[in-house]
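What follows is a single structure, written as structure tokens, with notes after it.
The values are calculated or read from the model by the stated rules, or taken from the named source; none is laboratory data. Owing to the predicted nature of the structure, the values given are computational and were not obtained by experimental measurement. Counting neighbours? That spans all protein chains shown, and the Cβs are built from the backbone with ideal geometry, glycine included. Side chains are part of the model used for accessible areas, which takes the heavy atoms of the whole protein and leaves out ligands, DNA and RNA. Shrake-Rupley method; radii C 1.70, N 1.55, O 1.52, S 1.80 Å.
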Amino acid sequence: MAEKSMITVDANEAAASVAHRLSEVIAIYPITPSSTMGEFADEWSSRSKRNIWGTIPFVQEMQSEGGAAGAVHGAIQAGALSTTFTASQGLLLMIPNMYKIAGELTPFVMHVSARTLATHALSIFGDHGDVMACRQTGFAMLCSNTVQEAHDFALIAHAATLKSRVPFLHFFDGWRTSAEVAKISFLADEDLRQMIDEDLVKAYRDRALTPDHPLLRGTAQNPDTFFQQREACNPFFDATPGMIQEYMDRFGKITGRQYKLYSYEGHPQAEKVIIAMGSGCETIGEYIEWAVAKGEKVGMLKVHLFRPFDMKGFLAAIPKTVKAVAVLDRTKESGSAGEPLYQDALTAVMEARNEGTSPFAVDPKIVGGRFGLSSKEFTPAMVKAVYENLGAAKPKNHFTIGINDDVTHTSLAYDAEFDIEPANVVRAMFYGLGADGTVGANKNSIKIIGEETDNYAQGYFVYDSKKSGAITISHLRFGPKPIRSEYLIRRANFIGCHQFGFLEKYDVLDTAAAGAVFLLNSPYGTEKTWDHLPREVQQQIIDRKLIFYVIDAYDVASKTGMGQRINTIMQTCFFAISGVLPREEAIEQIKKAIKKTYGKKGEEIVKRNFQAVDDTLANLHEVKVPAKVTATVGRPPTVSPQAPEQVRNVQGVMMANKGDSLPVSAFGADGTWPTGTTKWEKRNIALEIPVWDPAICIQCNKCSMVCPHATIRPNVFDPALAAKAPEGFRSVDYKAPDFKGMKFTVQVAPEDCTGCGLCISVCPAKDKANPKHKAINMEPKLPILEREKANWAFFETLPKVDRSKIGKVDVKSSQLFEPLFEYSGACAGCGETQYVKLLTQLFGDRALIANATGCSSIYGGNLPTTPYTKNKDGRGPAWANSLFEDNAEFGFGMRLAVDKHAEYATELLKALAPQVGDDLVKAILEADQSSEAGIAAQRERVAGLKAKVAKSSDVKAAHLGTLADYLVKKSVWIVGGDGWAYDIGFGGLDHVIAMNRNVNILVLDTEVYSNTGGQASKATPIGAVAKFAAAGKATGKKDLGMIAMSYGHCYVARVAFGAKDIQTVQAFQEADSYQGVSIIIAYAHCIAHGYDLKFGLDQQKLAVDSGQWPLYRYDPRRAAAGESALKLDSGAPKIPVSEYMQNETRFRMVEKIDPKRFAELAKSAQEAATKRIAFYEQLAAVNIAKPKADGAKDAAQ
Amino acid sequence: MDLSTTYLGFKLPHPIMPGASPWGLDLDKVRQMEDAGAAAIVMPSLFEEQIIKESLATTDAMDTPANSFAEALSYFPNIEEFRIGPEEYLETVRKVKAAVKVPVIASLNGVTKGGWLDYAKLMAQAGADAIELNVYYLATDMDECGRDVENRAIELLTAVKAAVKIPVAVKLSPFYSSIPCMAGLLDKAKADGLVLFNRFYQPDINVETLEMERVLHLSTSEELLLRLRWLAVLSGRVNASLACSGGVHTVADAIKAVMTGANAVQMVSAVLKNGPAVIKTIRTQMAEWLEKHEYSSLEQMQGSMNLARSPDPSAYERANYVHILQTWKAQ
């Protein structure tokens, strides 16, 4: 037996660790929450970590999960030991290959962090929807319930597949297990070697396809033989369960951890049994320990092997005394006779009964229920309710547990207060900001406690759905026994609130146990803090007799040069107060962790962190809690009372982190939500906001153009309205002739601004006497908040500029159009949202948007509130997200529908001309809708038409009434990131471009998979480091624009608003006006580039000036007019590419790791840029003879 | 012709060497400079501030977005070899040292005592034959007087000298109230050499955009005169060897530098402009000039026009200033 060592890891790392050491070829594609498995594998291979046979596995990122499945299928056919990692939709894309791999009886293991499938909504969280969709593929399905099991079963699967030849899908719960950090026993290489039979490896390789003894697989068969050969594999499936048990037994001998395919836990003569799979079993187990000790005859059957389903083994594991069984499925199959595990359990019992082999004393009642969808909490209270249901004379069947279903009344009631967490477990919760480093520090703390003490440790982290100002909640448990509580902490004995402002937004002390320690980061000091607490918080502190500590962590951070990073300080406080470790030892361990975490980022960082640790204790003080509540003010309502009812009652509850309490009836049945709700979520995350100085302003509106969150807005208005303005509202005479005599203002939405500073960076107007002062300047928010709130409220009452009165649309005038995309959850300083916002300003009132999954679908559609909104007429973008891979097709389908509607409406209009009137028909059909005025006029005509047809009883008229709005032109936009456009969705994108229908494609190109955390895409430029391109990408960026141009009929623009905003505005207008397919490839700076995004615009300029990102517009209308279709909008490169590259960490990393390689890659980048521009210049000079047909009429402007 | 000279204790065949420039980090260029006969290689400064700044900025850019959003708990691969610190520079020192036979002088510009000491030691360990301390410092604080600035430089030199065994030169700026006093103090603190002078990269102003513009102008022979004056003043009065840096473009410039007392003549702008071959050209022309003017060796010429030996020492002093102003008026 190898020497045992304990490690503190999550299940993704635990499973990947085994998979990497037992594989030769690993093909992957990023998808939450499995991405980190692939990332670990890549990291290990890039560090030359070898598998147990001494060779470094190949790790290859593919263009989609379908691609990854194809690649591993090929690899295993050719005899390499292979694996892959995936989840959710990604797993669905692998299904076709899974059938093949199983049909061909090929040893193989895939590891899946099980995740919800997108139905009425996408969810990145965990349930078994995805793996259950694979139960018919022929894969063996092995379920791990804990982090330790994910480590152990990974090995058992890799070992058993070689013998059984049946491929394995090894899965564990996404998030609850995949991302839970736990202390586990590590399997050494020696353990792995003892489990793998070398003769089976040889046999596997001997079956490989090779021209040295050629074979053929993948034939096509006919009715005469397919069926028989399909049945020929049966013996293998029959033998598989037994083989797995053999390996489990061998594993038990090696490690001392004995597993069973179907593992019973509980009272030996149990009468009530729950059958389940996944992390929920641990919680059930926790309840059983408590209940059996009280004498209850309850038990649980943990199903580890779901496929092949071994009915005999399954039944044999259940006590004969059982009278009632509840089968819990963590999935939902609408319309089915029951969820899969329930159906299998029923089948097993019924078959045994029919065959007379039933082991049970009495025929048990069997019911099925659903739990835990999308990581819904599953607590001992819920387990108790499930057992209680079994005690009923007629237990509820097809029930749900964990929600309140007040519509179809499926749910079991449960006592939310019921709590059985063991007293010897330290339960600590920490509320932090993503940016303050709380989670990172907590992960360190778990490692310290897990690896330096005998305690077991568990860490689970809850994140925000917003990417800026994101709140994180950490749940840490430490105790002398392995921790089985697979749910969020419900009674904390330590609560750390790392941001004072949270106390006004969230019920931070809701979970505080009596006598718990409460640590607060407060700017008000020991004496004054109490007076600043909301009433509810004071009450909770007094009622629950909390021990209350404060520290001004930001003060300590600022004095030690830590900036906004208070992680080390708060971590030191935790150790100092909680007593988990002796103080001196804890500090030594924290410092050790700091050295490890920051050592490679520079000595100075380490020094500053050390200083912060040393300065913390002197600044940490206990507050003497007064006997009575003294505060007069309570926590303000989450949502303004002016908000619509649904926003107050549904989204508002979600905003307050109480969404779990909402019943089924609170929601629409089909996943439809109203738009325009971010305006009700006042997040107040900026410490400083921009303030406009009208005396300096040149009224260019660039600040508005670059604002990622649409929080800075200009308007022109009638001077008469200024009389009603609050004091302090700023306006000035409008300068340009188009709205002569009007007033001009720029106003910031003070509670929505994220404080990114891009507006300051772009502002060209400077005070001549003091150029540091611009027309827009950052000021601390708190002192001016009330004034600016009043100003903003007034600003919102001002009428918007009449769209039809705006003549030429340029940067300045475009910003007078109302943005119909506002206050999204995108990162502060995001470089994508400006394009989306512009789209909505120019075309939002007639736009349909198909959005590929990715950052833009998350900040565009992640609840509780969403940013797409409506204008005063109730018009605005209609938005939907289908999938990641199909977005071009999805948007194309929308266009087909819109075109069909318009065509049918036209046919009806013509047919109904006698009723409607020829003049109106003619006017509608011949309307010029090329301008805002033209569209407004058409809308009026259509309104008239609808009024007329409404009076008619003709069926055709009724049809026309519902379709008439399609006679006003619509703009269909297909929006997504580079991962979609260049990689997973490229096939569809290409097809849609080829079809040349009037759709507009917007590619938000961050040159990396941003939403899943920085994996390389084919848009990643040469020389940039990304996950799966750790040494710096050696190949160049795919020229998507050139591919699109090759069709000849596609409008193509490459834009970068930070470099040339006017060109961006032109491109959007041309794309919309072009009647065929258009694609805009838009440079988007991103946090994944690794620099302070307030310099985003400067980097965009450098990208263009260096030739790295040439700007152009390719307009087929120009070719029709005999000119070159391609027009270069950026000049010859002015600076070397390296000057652009050196400012971004993604490039600098290569330079730091290997300067020589960087020099080579920079040289290649330079050569590529030079060549590309020379090529474009030549293309731009090509003139084709003007065709004879009269095609020049609608030539490009 | 014997052009040999001694600089920082190194017996060199002649005084011409490239001064600190980016080419000192480029192995190909370094080899070319050695091939052109460079007497030594001076590497550009490792800036402590730059390392700290990059370390803070990178940590901020990488760590702030991390662990914030469930789907993206980090945005960069976790690469062990990625380290922010002097390693990149030190690695280059090692490579340059391995690539050439001539002495390699590493340069260091620091702001804290810790930084100076640590990096100087590391440079010596990496194989540098000498260190050039660049005391570039711009005092902007009204409470910081000249003596404070000077004392700090002396303290740093003392500390570095105590930490390393290899020779240490100090590259000075021309902005001291009394350069001879400052030089004397450095000399006392055992500076092995003084390099006159550092060129300040002063930002320009764009009057249209009201922005500061970073511009780098190469030097011209005009800048030499300042060096000549102070070389002449110090020559023969300090134990430290002297190097002229800034404004040497022609053989005449180089000869003037030696005549005013330079033991080494560093060239940057001329090398960047004309390529490494200019080193060879100047060296050849210098030998020819000495022969033509019947000097027996370079040594004979060294310091011949310094304050002590020049036939008109007042020219280096205040009188010259008065004289030139008056003659200018008269023209």
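Hey, what number do you get for the protein assembly as shown at 222 nm if only DSSP H runs of n ≥ 4 count, each worth -39500 (n - 2.57), divided across all residues, to the nearest 500? Present the calculation step by step, with values, prior to reporting the outcome.
Values: 54 runs with 590 residues, N = 1528.
The helix contribution divided over the protein assembly as shown gives -11500 deg cm²/dmol.
So which lysines can B:Lys188 reach, going by Cα to Cα under 22 Å and dropping same-chain residues fewer than 8 places off?
Within the straight-line limit of under 22 Å, B:Lys188 reaches these lysines: B:Lys113, B:Lys121, B:Lys161, B:Lys165, B:Lys171.
Any idea of A:Asp978's accessible area? Nearest 10 Å², probe 1.4 Å.
0 Å²
Only Cα pairs under 8 Å and at least 6 apart count here; give the relative contact order of segment A:47-124 as a rounded whole percent. Could the numbers behind the result be given before it?
Values: 71 pairs, mean separation 21.3, N = 78.
For segment A:47-124, the relative contact order is 27 percent.
If one takes the longest principal axis of the Cα atoms in chain A, at what angle in degrees, from 0 to 90 and to the nearest 10, does the Cα axis of helix A:986-995 lie?
40 degrees
Cα to Cα, under 18 Å, and not fewer than 8 places away if on the same chain: which aspartates and glutamates meet these conditions relative to A:Lys1101?
A:Glu832, A:Asp1005, A:Glu1007, A:Asp1061, A:Asp1092, A:Asp1129, A:Glu1139, A:Glu1144, B:Glu211, B:Glu213
Which whole-number percentage describes the relative contact order of chain B, with Cα contacts under 8 Å and a sequence gap of 6 or more? Can you show the working numbers first?
Details: 578 pairs, mean separation 63.2, N = 331.
Relative contact order here is 19 percent.
Would you count, across segment A:214-306, every pair of lysines whose alpha carbons are under 26 angstrom apart, provided the pair is eight or more residues apart or spans two chains? It would help to have the intermediate numbers written out before the result.
On the way: A:Lys253/A:Lys302; A:Lys260/A:Lys272; A:Lys260/A:Lys297; A:Lys260/A:Lys302; A:Lys272/A:Lys294; A:Lys272/A:Lys297; A:Lys272/A:Lys302; A:Lys294/A:Lys302.
Lysine pairs, 8 or more places apart or on different chains, close enough: 8.
Rank these residues by their accessible area, most exposed first, probe 1.4 Å: A:Glu417, B:Glu213, B:Glu132. If you can, show how the numbers build up before the last one.
On the way: A:Glu417 125, B:Glu213 70, B:Glu132 5 Å².
The ordering from most to least exposed comes out as A:Glu417, B:Glu213, B:Glu132.
Would you mind giving the mean number of other chain beta-carbons within 10 Å of the Cβ of each residue in A:848-860, as a whole number?
Working: counts 0, 0, 0, 0, 0, 0, 1, 3, 0, 0, 4, 0, 0.
Taking the mean over all residues of the peptide, I get 1.
For segment A:560-673, with the dipole built from +1 on Lys and Arg beta-carbon atoms and -1 on Asp and Glu ones, taken about the Cα centre, which of A:Asn567, A:Met654, A:Thr672 lies farthest toward the positive end?
Selected residue: A:Asn567.
Can you give the accessible area of B:Ser304 in Å² (nearest 10), computed on protein heavy atoms with a 1.4 Å probe?
The accessible area of B:Ser304 comes to roughly 30 Å².
On C-alpha positions alone, give me the angle between the axis of helix A:583-598 and the longest principal axis of chain A, in degrees, nearest 10.
It is inclined by approximately 50 degrees.
What fraction of the DSSP beta bridges in chain B is antiparallel, stated in percent and rounded to the nearest 5? It would help to have the intermediate numbers written out before the result.
Working: 7 of 35 bridges.
Among the beta bridges of chain B, antiparallel pairing accounts for roughly 20 percent.
Mind checking the per residue accessible area of segment B:216-322 for me, 1.4 Å probe, whole number of Å²?
Result: 48 Å² per residue.
Within segment A:877-982, how many Lys pairs sit with Cα atoms under 15 Å apart, leaving out pairs fewer than 8 places apart on the same chain?
Details: A:Lys900/A:Lys969; A:Lys900/A:Lys970; A:Lys910/A:Lys922; A:Lys910/A:Lys946; A:Lys910/A:Lys948; A:Lys910/A:Lys956; A:Lys946/A:Lys956; A:Lys948/A:Lys956.
Step by step, the pairs that qualify in segment A:877-982 add up to 8.
Determine the per residue accessible area of chain A with all protein chains present and a 1.4 angstrom probe, expressed in square angstrom. Please report the intermediate quantities before stating the final value.
Values: 44960 Å² over 1197 residues.
The answer is 38 Å² per residue.
When you look at the Cβ of every residue in A:529-541, what mean number of other chain Cβ atoms sits within 10 Å?
Working: counts 0, 0, 0, 0, 0, 0, 0, 0, 0, 0, 0, 0, 0.
What the average comes to for A:529-541 is 0.
How large a share of the accessible area of chain A, in percent, is made up of carbon and sulfur atoms when the probe is 1.4 Å and the other protein chains stay in place? Display every interim value, and only then the final one.
Details: 24520 of 44960 Å².
Ligands and nucleic acids excluded, carbon and sulfur reach 55 percent.
Solvent-accessible area of A:Asp918, probe 1.4 Å, all protein chains present, reported in Å² to the nearest ten, please.
110 Å²
Which order do B:Asp187, A:Asp152, B:Asp148 take by accessible area at a 1.4 Å probe, largest first? It would help to have the intermediate numbers written out before the result.
Details: B:Asp187 25, A:Asp152 0, B:Asp148 70 Å².
Descending order: B:Asp148, B:Asp187, A:Asp152.
Which cross-chain or sequence-distant (5 or more) residues have an amide H under 5 Å from the amide H of A:Ala847, H modelled 1.01 Å from N in plane?
Answer set, sorted by chain and number: A:Ala878, A:Ser971.
Quickly work out the B:Asn206-to-A:Ala203 label distance, labels modelled 7 Å from Cα along the C-beta direction, and quote it in nm with one decimal.
7.3 nm
What ranking of A:Cys855, A:Cys497 comes out by heavy-atom accessible area, probe 1.4 Å, highest first? List each step's numbers first, then the result.
Values: A:Cys855 25, A:Cys497 0 Å².
Result, largest first: A:Cys855, A:Cys497.
Checking the a/c ratio against 1.5 first, then a/b against b/c, what shape does the Cα gyration tensor give for segment B:1-147? All intermediate terms of the calculation are to be shown ahead of the outcome.
On the way: a/c = 3.12, a/b = 1.66, b/c = 1.88.
Note, shape of segment B:1-147 comes out oblate.
Accessible area drop of at least 40 Å² (1.4 Å probe, protein heavy atoms): which residues of segment A:561-601 qualify, relative to the chain alone?
Going by heavy-atom accessible area, the residues of segment A:561-601 that drop by at least 40 Å² are A:Arg565, A:Lys600, A:Lys601.
Mind putting a number on the dipole of chain B about its Cα centre? Charges go on the C-beta only, +1 for Lys and Arg and -1 for Asp and Glu, and I need it in Debye to the nearest 20. Let's see the in-between values first.
Numbers: 31 positive and 40 negative charges, 286 e Å.
Rounded to the nearest 20 debye, it is 1380 debye.
Helix A:88-103 against the longest principal axis of chain A: what's the angle in degrees, Cα atoms only, rounded to the nearest 10?
With rounding to tens, the tilt is 50 degrees.
How many Å² of accessible surface get buried when A and B come together, counting both sides, probe radius 1.4 Å, rounded to the nearest 100? Could the numbers behind the result be given before it?
Working: alone 47010 and 17900 Å², together 60710 Å².
Result for this pair: about 4200 Å² buried.
At q = 0.08 Å⁻¹, what is the log10 ratio I(q)/I(0) for the protein assembly as shown, with the Debye formula run over Cα points and no solvent?
-1.18
Among B:Ala120, B:Ala191, B:Ala61, whose mean-square fluctuation peaks in a Gaussian network model of chain B (Cα, cutoff 10 Å)?
Highest fluctuation of the listed residues: B:Ala61.
When we measure straight from the Cα of A:Lys596, which aspartates and glutamates land under 12 angstrom away, once same-chain ones fewer than 8 places off are left out?
Output for A:Lys596: B:Glu80.
Accessible area drop of at least 40 Å² (1.4 Å probe, protein heavy atoms): which residues of segment A:989-1029 qualify, relative to the chain alone?
Buried-area filter returns A:Asn1011, A:Lys1027.
Residues of A:792-805, mean number of Cβ from any other protein chain within 10 Å of their own Cβ, rounded to a whole number? Could the numbers behind the result be given before it?
Details: counts 0, 0, 0, 0, 0, 0, 0, 0, 0, 0, 0, 0, 0, 0.
The per-residue average across the peptide is 0.
For segment A:463-596, which semi-axes, largest first and in whole Å, follow from the square roots of 5 times the eigenvalues of its Cα gyration tensor? Present the calculation step by step, with values, prior to reporting the outcome.
On the way: eigenvalues 98, 87, 54 Å².
Here the semi-axes work out to 22, 21, 16 Å.
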